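Asker: Below is a structure I'd like to ask you about.
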Amino acid sequence: MKKPFLTLEQLKEIVKKYPTPFHIYDEKGIRENARKLKEAFAWNKGYKEYFAVKATPNPFIINILKEEGCGVDCSSYTELMLAKALGYRGDDIMFSSNVTPAEEFVKARELDAIINLDDITHIEFLEKTAGIPKVICCRYNPGGVFITTNGIMDNPGNAKYGFTKEQIIEGFRILKEKGAEQFGIHAFLASNTLSNDYYPALARILFELAVELRSKTGVDIRFINLSGGIGIPYRPEDKPNDIMVIGEGVRKAYEEILVPEGMGDIALYSELGRYMLAPYGHLVATAIHEKNIYKHYIGLDACAVNLMRPAMYGAYHHITVMGKEDAPCDHMYDVTGSLCENNDKFAVDRMLPKVDIGDLIVIHDTGAHGYSMGYNYNGKLRSAELLLKEDGSVQLIRRAETPMDYFATFDFCDYYKSLAEDMNPGKQ
Ligand SMILES: *Cc1c(COP(=O)(O)O)cnc(C)c1O
């Protein structure tokens, strides 16, 4: 059973002030989870989580993680701006980008962020545009197929990211020659893994690489970044990861591979996004239409612009019809949004209790890669984001877009005046 982190009574109060749709986040859940992650890696002295900003780029949320000791992982200019505004500097910022524009490297250097290079040609590009820093990281791609004892996890050989083995050896030599002094390695080989084996298997690959890189290039390896990829149970029948087991599995690999080589002082980093936040966000919507043709449809006031994953990947998101948690799921529906796109469906052939117009609908696990993947197709506007605080109160942490946000990029021309007049009659 997947249960919402708020009750129907709480939601009824909230929608009096903040109309649906909105995303709401659970501060208590976020903090408890972040503390548990820290505990799982407490055996490693330098361990640090750099929250992947792209998952949930909201300063109020990131600030909670900051209070829990997390840094940030950025991959664009605006994410670096957000990091700066939140008071992050230096080695509290990881800059893990790819196909990076020059001005982003300049910005990252300005903030003294740790730069994680995605390609061997970026060494020269970085040197020309922003200079080679003392601390540098390179992203590794082992190629081929990534297999653990659980079977095939993903296909790095098809991924655009990272250096090959030969390139990272060569790259470290060049970087050392150009003045880099402290090195890190990074890899991201599989996404949303529901297995306690992913991090330990990845760690083994990177630890062995670290030993090889040190012996072949003589560089000083200071940290290994295991990046993101730990998944969450989107489906009620999914078995959740056990972060303590994951931390222990990584420790075992560390003691087997790094410690005997005298490399037992290497810090471990992570760049988790989904694992940090996905379960602690709900998209809350209202059922506004019911339609019965060849199938039965429930239409919501939210649509794929509020949560793109089902439309984009066919991703499963659990749905709770609030107040009907214990009612039998004896109706089969497609739960849809209003886009003129037939893939705008939050669920297809989903068994739910009978839904009535006006029912409040909770779509689960939208705390990461939810709001942030939003877009404006069909002129739809992005929703508000709310925070359910530990004391039970609710705070607006991002207002909903208005039509003026949608039209703001016309503010250089005359049409804008007419658009603004419609929005604010008499004010222009
Ligand atoms: C997206 C991303 C992450 C976070 O991934 P999750 O699947 O949310 O854990 C971490 N690092 C990099 C470089 C990424 O692109």
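The values are calculated or read from the model by the stated rules, or taken from the named source; none is laboratory data. Computed from a predicted model, the values in this text were never measured in an experiment. Note: ideal-geometry Cβ built from the backbone for every residue, glycine included; neighbour counts use all protein chains shown. These accessible areas exclude ligands, DNA and RNA; they are computed on the full protein's heavy atoms, side chains included. Shrake-Rupley method; radii C 1.70, N 1.55, O 1.52, S 1.80 Å.
Asker: Out of G143, G151, G231, report the one residue that is within 19 Å of L117 (Cα to Cα) and among the small types (G, A, S).
Answerer: Within the list G143, G151, G231, the selection yields G143.
Asker: Are there any helices (runs of 4 or more DSSP H) wholly within the range 226-328 with 1 or more residues that are away from the ligand (no atom under 16 Å from the Cβ), and if so which?
Answerer: Details: elements: 243-253, 274-277, 309-313.
Filter on the range 226-328 gives 243-253, 309-313.
Asker: Right, another one. Show the residue pairs that are 6+ apart or on different chains and have beta-carbon atoms under 8 Å apart, the first residue being within the range 268-282 and over 14 Å from K28 (Cα atoms) and assigned by TED's automatic domain parsing to the domain that holds E49, the second being in a helix (DSSP H, G or I) and near the ligand (Cβ under 6 Å from one of its atoms).
Answerer: Note: pairs meeting the criteria are G273/K54; G273/A55; R274/A55.
Asker: Out of everything in the range 198-237 that is of a type in the set (G, A, S) and under 22 Å from the mean Cα position of the chain (by Cα), what residue ends up being farthest from K54 (Cα to Cα)?
Answerer: Keep residues of the range 198-237 that are of a type in the set (G, A, S), which gives 201, 203, 210, 215, 218, 227-229, 231.
Narrowing the set further to residues that are under 22 Å from the mean Cα position of the chain (by Cα) leaves 201, 203, 227-229, 231.
Numbers: A201: 25, A203: 23, S227: 13, G228: 12, G229: 13, G231: 16 Å.
The extreme case among them is A201.
Asker: Kindly evaluate E212 against the criterion of being assigned to a loop (DSSP other than H, G, I, E, B), modelled with pLDDT of 95 or more and away from the ligand (no atom under 16 Å from the Cβ).
Answerer: For E212, the condition - assigned to a loop (DSSP other than H, G, I, E, B), modelled with pLDDT of 95 or more and away from the ligand (no atom under 16 Å from the Cβ) - is not met.
Asker: While we're on this one: With respect to D391, determine if the residue is of a type outside the set (S, T, N, Q), part of a strand (DSSP E or B) and open to solvent by 70 Å² or more (accessible area, probe 1.4 Å).
Answerer: Against the criterion (of a type outside the set (S, T, N, Q), part of a strand (DSSP E or B) and open to solvent by 70 Å² or more (accessible area, probe 1.4 Å)), D391 does not qualify.
Asker: Same structure again: Within the range 206-238, can you find the residues that are exposed (fewer than 15 other Cβ atoms within 10 Å of the Cβ) and either aliphatic (A, V, I, L, M) or under 29 Å from H364 (Cβ atoms) (or both)?
Answerer: Once the filter is applied, which keeps residues that are exposed (fewer than 15 other Cβ atoms within 10 Å of the Cβ) and either aliphatic (A, V, I, L, M) or under 29 Å from H364 (Cβ atoms) (or both), the range 206-238 yields R235, P236, E237, D238.
Asker: How many residues does the range 370-386 contain that are under 18 Å from the mean Cα position of the chain (by Cα) and of a type in the set (A, V, I, L, M, F, W, C)?
Answerer: Residues in the range 370-386 being under 18 Å from the mean Cα position of the chain (by Cα) and of a type in the set (A, V, I, L, M, F, W, C): 2 in total.
Asker: Could you please find all residues in the range 139-160 being of a type outside the set (A, V, I, L, M) and open to solvent by 80 Å² or more (accessible area, probe 1.4 Å)?
Answerer: Within the range 139-160, the subset of a type outside the set (A, V, I, L, M) is 139-144, 146, 148-151, 154-158, 160.
Matches in the range 139-160: T149, N150, N158, K160.
Asker: Kindly indicate whether any position in the range 180-192 is assigned to a helix (DSSP H, G or I) and open to solvent by less than 40 Å² (accessible area, probe 1.4 Å). Steps first, answer last, please.
Answerer: Residues of the range 180-192 that are assigned to a helix (DSSP H, G or I), as a first pass: none.
No, the conditions are met nowhere in the range 180-192.
Asker: May I ask you to verify whether I147 is more than 16 Å from the ligand (Cβ to nearest atom) and in contact with a helix residue (DSSP H, G or I) (Cβ under 9 Å, 6 or more places away or on another chain)?
Answerer: Answer is yes for this residue.
Asker: What's the number of the condition M423 fails, among (1) under 31 Å from the mean Cα position of the chain (by Cα); (2) more than 25 Å from R235 (Cβ to Cβ)?
Answerer: (1)
Asker: Since E166 meets every condition but one in (1) assigned to a strand (DSSP E or B); (2) open to solvent by 20 Å² or more (accessible area, probe 1.4 Å); (3) not aliphatic (A, V, I, L, M), which condition does it not meet?
Answerer: Result: E166 passes all but (1).
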